[in-house]
Amino acid sequence: MKNKIEIYFDEFRDLSELNENDREVVKASMAAAENAYAPYSGFRVGACVRLGNEQLLKGNNRENAAFPSGSCAEQTVITYAGANYPDIPIRTLAISAITNNEFTPEPVSPCGNCRQIIAEEEERSGEKIRIILYGNKKIRVIDGISGLLPFKFNKKSLGD
Ligand code: THU
C-alpha cells in the first residue's frame with residue numbers, strides 16, 4: 001500500500017509580513033548570527049527561542065579547529081534553554097544565517113542532528129515548537145518538527 005505524508009508550512013517574502021511576535025524572534029536570531037564564531041566555514045548562524053514565559057534566548061554556531069567539536073546555533077540555544085529554564089517550554093525557534101556578509105536569500109535548513117535535537121525538546125516539554133526559517137527572499141514557518149522530520153526516532157523507538 002502506498003502512503004502519503006502531507007506537510008503544511010507558511011511562506012512569506014518579507015519580515016514585514018510576519019506577526020510582531022515572530023518578527024521579534026527572527027530579528028533576535030539575526031542579531032545572534034552576527035556574533036557567531038565560524039572562522040572555518042564563514043557560515044554564521046543565529047538562533048533565537050521564545051520561551052513560554054515570553055523570554056527570548058539567543059545562540060549561534062561555535063566552530064572548532066577540530067571540526068566535529070563545533071556546535072550548531074540551534075543546539076547551542078536549545079541546550080542553554082534546557083539547562084537554565086528546564087521547566088519552561090520553548091514555543092518558537094527562529095534561525096537565520098549570514099554568508100559573504102549577507103543573510104542567505106533562502107531559508108536556513110537545519111541539519112539532521114539539529115532536527116533530532118528539536119524533536120527531543122518537543123518530546124521533553126510535550127509541546128510543539130513553531131519553527132521559523134529566515135531567508136531574505138523567503139521565510140518559511142513550520143508548526144512543529146514533524147514537518148521537518150517525519151518518521152523521527154524518539155523515546156518510543158527505544159521500546160518500553
Ligand atoms: N550550522 C548551524 O549552526 N545550523 C544549521 O542549521 C546549519 C549549519 C553551522 C554548522 C557549521 O558551523 C556551519 O553552520 C557550516 O555548516
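Bear in mind that the values in this text are calculations on the coordinates, not laboratory data. Every value quoted in this text rests on a predicted model; they were computed, and no experiment measured them. Here Cβ is always computed from backbone atoms with ideal geometry, including for glycine, and neighbour counts include all displayed protein chains.
Some notes on this structure:
- Options A28, A81, A36; residue that is free of Cβ contacts under 8 Å to residues at least 60 places away in the same chain and on the phi < 0 side of the Ramachandran plot: A81
- Residue tally, condition away from the ligand (no atom under 13 Å from the Cβ) and surrounded by fewer than 18 Cβ atoms within 10 Å (Cβ to Cβ), over region 57-81: 1
- Of all residues in region 85-117 being among the aliphatic types (A, V, I, L, M) and within 10 Å of the ligand (Cβ to nearest atom), the one that is surrounded by the fewest Cβ atoms within 10 Å (Cβ to Cβ): V108
- Subset of region 2-32 that is small (G, A, S) and either out of contact with any Ser or Thr (no Cβ under 9 Å at 6 or more places or on another chain) or over 17 Å from K137 (Cα atoms) (or both) - its residue that is nearest to the ligand (Cβ to nearest atom): A32
- Within region 4-39, the set of residues being touching a helix residue (DSSP H, G or I) at 6+ places or on another chain (Cβ under 8 Å) and of a type in the set (V, I, T) comprises I7, V26.
- When residues of region 39-56 are limited to those that are closer than 21 Å to N101 by Cα and not aromatic (F, W, Y), the one farthest from the ligand (Cβ to nearest atom): C48
- Evaluating G46 against the criteria (1) within 26 Å of P150 (Cα to Cα); (2) in contact (Cβ under 8 Å) with a residue 60 or more places away in the chain; (3) of a type outside the set (A, V, I, L, M) leaves one unmet condition, (2).
- Of residues in region 46-70 being over 13 Å from the mean Cα position of the chain (by Cα) and of a type in the set (S, T, N, Q), the one nearest to N35 (Cα to Cα): N64
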